[in-house]
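Below is one structure, written out as structure tokens; the observations come after it.
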Amino acid sequence: MIPPTIEPKPGPQGRTPSWLHRLARLVPVAVAGVILAVGLSIGLLLPRNAPGPPPLGERTRVSRGSFRSTIVLTGSLAALRSEEFKVPITDTYRVQIKWMVKEGDSVKPGDPVVRFDTASLASSIETARESLKSKLEEKAQKEAEYANQKFELEVEVRKAETDNRQKTLDASIPEDLESRYEHDRKQLEKKKSDHALAAARTNRTVKLAEIESQIRTMAIEAGELEAKLWKLEAGLDGLTLVAGTGGAVIYGSDWSGRKFQVSDTVYATQTVATVPDLTSLRVEAWISETRIQRIKPGQEVDLMLDAYPDRPFKGTIADISESAEPVRRWGRSNWFRVEIAMERLEPEIMKPGMSVRCDVRGPELTDVLLVPLEMTAFDGKSFRVRPAGGEVLELAVQDYDDFTVAAGTADNPSLKAGTALAPVGDVPDRGGET
């Protein structure tokens, strides 16, 4: 469409200004250029040679050909073997991460990987040292007291022994050489001296034994404090985790799947990081409980790393877990763990945690009837289909995917390639797979 031409109005003397003549000539050209540019832009934005939806007739007819089902799983690389770095056990059973090697960086044997906060443990060590020092001082004082007490008790015993010898000598004078009164008095004094000597010796034994017992108790307590101090000092060294093998560091995750970071508070025995063995990499995928019967060990799998889509890999299902487990981040459904062994490893690009697309390939079926899934109905046990103008039939199905049902030609004589189909309608649910 050509835009209308602008007619310039005459000037005050009946003449049209020259700039209006130029404007009148440029406006049609500019408008036509804008229309052309918009048209080209729309043409460039539209996909070139993009296939449109198939005709409705093709989507409602049976065809014949080859079929191979594909089940797409989401997985990630995981190492079967790895060196784990766990939170050490401390008095508080929880510590704070102060430093970690950047995730993905490589470490060599002997390199520090994780350091935890040592402030609380250092305080405990200082307290233990003071307690040990105080206990040793108390023990030394008690040993000095023992030495003094032993000396005093020995002096008392020596005095009692000297007095007893004197009293014994006095009592040994024959009775006929002195008066009876004097003799009886000396005998009584000797008995008192004997009792005093026995009491001094007993007192020495009891008091020294008591102090010795106290010293032994203090020695045991000092030993316990020393052992505790040694344990705390060893724990202080244990708050720096050192790599025993070489490799790339991968952070651990908490119960919610969030990876640990510096300044997080972690609890004893939690795994905060790992150094995986890259020679033991496998793909760990998950499949829902409603599709678990579609796969089995030994099936071939086409693998593609999301980070390297141009480098496909091959794999084989190695193991399927016997029991389902919930995965919190995916809702309340239960999932089965699927382990996939890879035919080859490329450690230079493969890192644990990388996401992997897993296409599980079913067996290839040749010369089968291909029925559009949207034209079937599933009653919980089998698929149903209705030929146009006919009755509902039960399909003898060999395999199926999200778009097509593959049926054997000999097992379904009522269907042929090109058979038009009509909607099945509602069928009773007989239970089973959903």
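A short reminder: the numbers here are calculations on the coordinates, not readings from a lab. For clarity, every value in this text was computed on a predicted model and none was experimentally measured. Ideal geometry is used to build each Cβ from the backbone, glycine not excepted, and the neighbour counts take in all protein chains shown.
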Search the structure for amide H atoms under 5 Å from the amide H of GLN270, placed 1.01 Å from N in the peptide plane, and list their residues when 5 or more places away or on another chain. VAL87
Testing the spin-label approximation: label points 7 Å from Cα along Cα→Cβ at THR60 and ASP111. State their distance in nm. 6.6 nm
Cross-link reach from LYS259 to lysines, straight Cα distance under 22 Å and at least 8 residues apart if same chain, gives LYS86, LYS98, LYS102, LYS351
Scalar couplings 3J(HN,Hα) for the range 366-378 by Karplus 6.51 cos²θ - 1.76 cosθ + 1.60 (θ = phi - 60°), nearest whole Hz, x for Gly and Pro, are 10, 6, 10, 7, 10, 10, x, 4, 5, 9, 10, 9, 10
Applying the Karplus parametrisation 6.51 cos²θ - 1.76 cosθ + 1.60 with θ = phi - 60° to the phi angles of the range 301-316, what ³J(HN,Hα) value in whole Hz is obtained for each residue in order, glycine and proline being reported as x? 9, 8, 10, 9, 6, 4, 7, 9, x, 8, 10, x, 10, 10, x, 9
Let me check I've understood the local charge: for THR118, count other residues with C-beta under 12 angstrom from its C-beta, Lys and Arg +1, Asp and Glu -1. What total comes out? -2
Packing-based exposure ordering (other Cβ within 10 Å, fewest first) of GLU84, GLU189: GLU84, GLU189
Label THR245 and SER323 with points 7 Å out from Cα along Cα→Cβ: what is the distance between them in nm? 2.8 nm
Can you work out the Karplus-derived ³J(HN,Hα) for every residue in the range 352-357? Use 6.51 cos²θ - 1.76 cosθ + 1.60 with θ = phi - 60°, whole Hz, and x for glycine or proline. x, x, 5, 7, 9, 8
How far apart, in nm, are the 7 Å Cα→Cβ label points at ALA198 and GLU145? 3.0 nm
Expected sort for TYR146, TYR400, TYR308 with the fewest Cβ neighbours (10 Å cutoff) up front is TYR308, TYR146, TYR400
Interchain or long-range residues, amide H under 5 Å from GLY252's placed H: PHE260, ALA273, THR274
May I ask you to compute the full-extension gain from TYR93 to ALA209, defined as 0.36 nm times their residue separation minus their alpha-carbon distance, rounded to one decimal in nm? 37.6 nm
For an R0 of 25 angstrom, estimate the FRET efficiency from the Cβ-Cβ distance between ALA420 and GLU394 and round to the nearest 0.05. 0.85
Shape call for the range 254-351 from the C-alpha gyration tensor, a ≥ b ≥ c root eigenvalues: rounded (a/c under 1.5), prolate (a/b greater than b/c) or oblate? oblate
Which stretch or stretches of the range 294-312 have amide N atoms under 12 Å from the point lying 7 Å from ARG68's Cα along the Cα→Cβ direction? 300-302
Once the in-chain neighbours fewer than 8 apart are removed, the lysines whose Cα is under 21 Å from LYS135 read LYS228, LYS231
By a straight-distance test (C-alpha under 16 Å), which lysines pair with LYS142 as possible cross-link partners, with residues fewer than eight away in the same chain excluded? LYS133, LYS150, LYS207
Where the centre of each part is set by its Cα atoms, how far does the range 288-317 sit from the range 357-422, in angstrom? 25 Å
Under the 0.36 nm per residue contour assumption, what length would be gained going from the current alpha-carbon distance of ASP367 and SER263 to full extension? 31.2 nm
D for the range 215-296, whole µm²/s, Stokes-Einstein with Kirkwood Rh over alpha-carbon pairs at 37 °C and 0.692 mPa s: what number? 185 µm²/s
